[in-house]
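Colleague: Questions regarding the structure given below will be posed in turn.
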Amino acid sequence: MQPRPDHDHNTAGLTPTHLLAVLLPLLLLYFTFRFLDLTPGLLTPSVIRDIIFGRPRSRSRSPNLSSTSNSNSSNPTTNSIPPYFSLHRAIASYDAYPALALAEHAAMQRSYARLTYAHRRTGYALGYTRKLEGLRRAEEVNAGVLRAVAGLARVQFAWGEGGDGEGGERGEGGMGLWAMMKWVMWREEDVRPDVGRVREAMKHFVRDWSEEGKEERGKIFEPILRVMRQSEEEGRKGEKVLVPGSGLGRLAWEVAELGYDTTAIELSYFMTLAFRFLLSPQTTQTPNQHTVHPYAYWFSHSRSSTNTLRGISFPDVVPRLQNNFHLIEGDFLTHNPSQNASYDYVVTLFFIDTSTNIISTLEHIYALLKPGGTWINLGPLLWTGGAQARMELSLEEVLELAETVEFRMAGEEDEVRRRRTVECEYTADRTAMMKWLYQAEFWVATKPA
Ligand SMILES: C[S@@+](CC[C@H](N)C(=O)[O-])C[C@H]1O[C@@H](n2cnc3c(N)ncnc32)[C@H](O)[C@@H]1O
């Protein structure tokens, strides 16, 4: 028998089996800590993560808005984003949506299958199986859009296979196992998917950027835009407008279209990734290029299955960031351009009640306005529940607070600017059997010159 070559006995060479033997226990340890939420002494999950994979070079890169923007925003990075709105969580949620929707669909099918044979025949005759099939197809269409949102984000933030801010090569489709593991591990935030927020973003595609959303937009945008149209057209490009909590950006875009130098600022990556999907020529080139079925998942209050499962095309117009239209992904409360008092207008739409400290919010709006500057507000007072908001004020109290902060409310005699109630909906399915109607309040207030 031939003697076996020496290197076969060479214990110094690392084989994949050796690597696995080292990695597996460490991985097991990591996940045990993670799921039991144990962080003993120095051996924290992040330390173990770094032992295994090394330290990631840069976790938070500036979002690549430059291809679509000449943004001069002060800091268009991930400043002060809370974990539940983080980039990680948003991408993970957009990525996870197809699988979670599929699981939901499978559960509905199992539920239907538990009916007796006779009832299933009746269900079949009613078209229920066709409806479930329609739901599956609708979710496939949704999945295509949502994967593309996540894919673009990975490209723009260069968080692809490289995983270290240098790559970005996996623009479309799913992630490899290696990238997925790193994705899960290289994080400080919670990345559990939030399907609710993805669904909310789909509804915002419709409310903000579809023909179908026009009526709803008209009711809430028009009072604001009427005020903005009062300024002479020539002077507008020298006037700065801030739209905090800009969501999917339509109002800010409309304001920019009037000629103002407009900055949209939005905290949630669930919103800004969806907006980026529209802003980028990589993903959106023509009007009505995309379709979503935003109401398909909810069979309640449905007048007809055709209505519920309907697809809605968007965008009705193709938005682009430009010299006078900027996007900041960050916290309005920490937004402090070079100096305070730099905006001519601050426009808040369905925004002030999202604040956990309404006093800080009003004070900050005041601080950001130039003397003589204008604050336009339209929205309800739906405070964040669970005692998260430090104070949950009534309309009377908010108005009194505005005066305390030293805002001056426009008077009754001013037809365009007077305070009034606006009945409106928010990302509603207009065909449904249920309506959530807001009696939102509109006002215009100025900072004394
Ligand atoms: C109810 S939504 C309204 C969005 C948009 N104004 C509209 O009408 O479609 C409130 C938005 O404000 C954002 N937001 C909340 N607090 C914020 C903050 N401190 N800075 C920036 N955006 C914030 C939320 O992420 C959310 O997108």
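The values are calculated or read from the model by the stated rules, or taken from the named source; none is laboratory data. A quick note: this is a predicted structure, and the numbers were derived from the prediction, not measured. Heads up, the Cβs are rebuilt from the backbone with ideal geometry, glycines too, and the neighbour counts pull from every protein chain shown.
Colleague: Just checking: which of the helices (runs of 4 or more DSSP H) contained wholly in segment 194-299 hold 2 or more residues that are within 12 Å of the ligand (Cβ to nearest atom) and either without any contact (Cβ under 8 Å) to a residue 24 or more places away in the chain or out of contact with any Gly (no Cβ under 7 Å at 6 or more places or on another chain) (or both)?
Modeller: 195-209, 214-228, 250-257, 269-279
Colleague: Further question: Consider only pairs whose beta carbons are under 8 Å apart and that are at least six residues apart or on different chains; among these, list those whose first residue lies in segment 335-356 and is in the same structural domain as residue 244 (by TED's automatic domain parsing) and part of a loop (DSSP other than H, G, I, E, B) and whose second residue is more than 9 Å from the ligand (Cβ to nearest atom) and among the basic types (Lys, Arg).
Modeller: 341/370; 342/240; 342/370; 356/390
Colleague: Pull up segment 311-334, narrow it to residues that are part of a loop (DSSP other than H, G, I, E, B) and among the acidic types (Asp, Glu), then point me to the one that is modelled with the highest pLDDT.
Modeller: In this case the residue turns out to be 316.
Colleague: With the structure loaded, tell me whether residue 367 is assigned to a loop (DSSP other than H, G, I, E, B) and either away from the ligand (no atom under 12 Å from the Cβ) or closer than 30 Å to residue 229 by Cα (or both) or whether it fails that test.
Modeller: Criteria not met by residue 367.
Colleague: I need the full set of residues from segment 370-404 which are crowded, with 16+ Cβ neighbours inside 10 Å, over 21 Å from residue 418 (Cβ atoms), within 12 Å of the ligand (Cβ to nearest atom) and not small (Gly, Ala, Ser), in order please.
Modeller: 383
Colleague: If I filter segment 305-318 for residues that are in the same structural domain as residue 202 (by TED's automatic domain parsing), among the basic types (Lys, Arg) and surrounded by 22 or more Cβ atoms within 10 Å (Cβ to Cβ), do I get at least one hit?
Modeller: Checked segment 305-318: no residue is in the same structural domain as residue 202 (by TED's automatic domain parsing), among the basic types (Lys, Arg) and surrounded by 22 or more Cβ atoms within 10 Å (Cβ to Cβ).
Colleague: Also, I was wondering about something else. Please verify whether segment 221-233 includes one or more residues that are buried (at least 18 other Cβ atoms within 10 Å of the Cβ), within 21 Å of the chain's Cα centre (by Cα) and modelled with pLDDT of 95 or more.
Modeller: yes
Colleague: Further question: Can you pull out every residue in segment 300-310 that is part of a loop (DSSP other than H, G, I, E, B) and hydroxyl-bearing (Ser, Thr, Tyr)?
Modeller: 300, 302, 304
Colleague: Taking segment 331-358, which residues are of a type outside the set (Val, Ile, Thr), surrounded by fewer than 22 Cβ atoms within 10 Å (Cβ to Cβ) and within 7 Å of the ligand (Cβ to nearest atom)?
Modeller: Correct list: 331, 333, 350, 351.
Colleague: Right, something else. Checking residue 324 against (1) in contact (Cβ under 8 Å) with a residue 40 or more places away in the chain; (2) within 16 Å of the ligand (Cβ to nearest atom), which single condition isn't satisfied?
Modeller: Exception for residue 324: condition (2).
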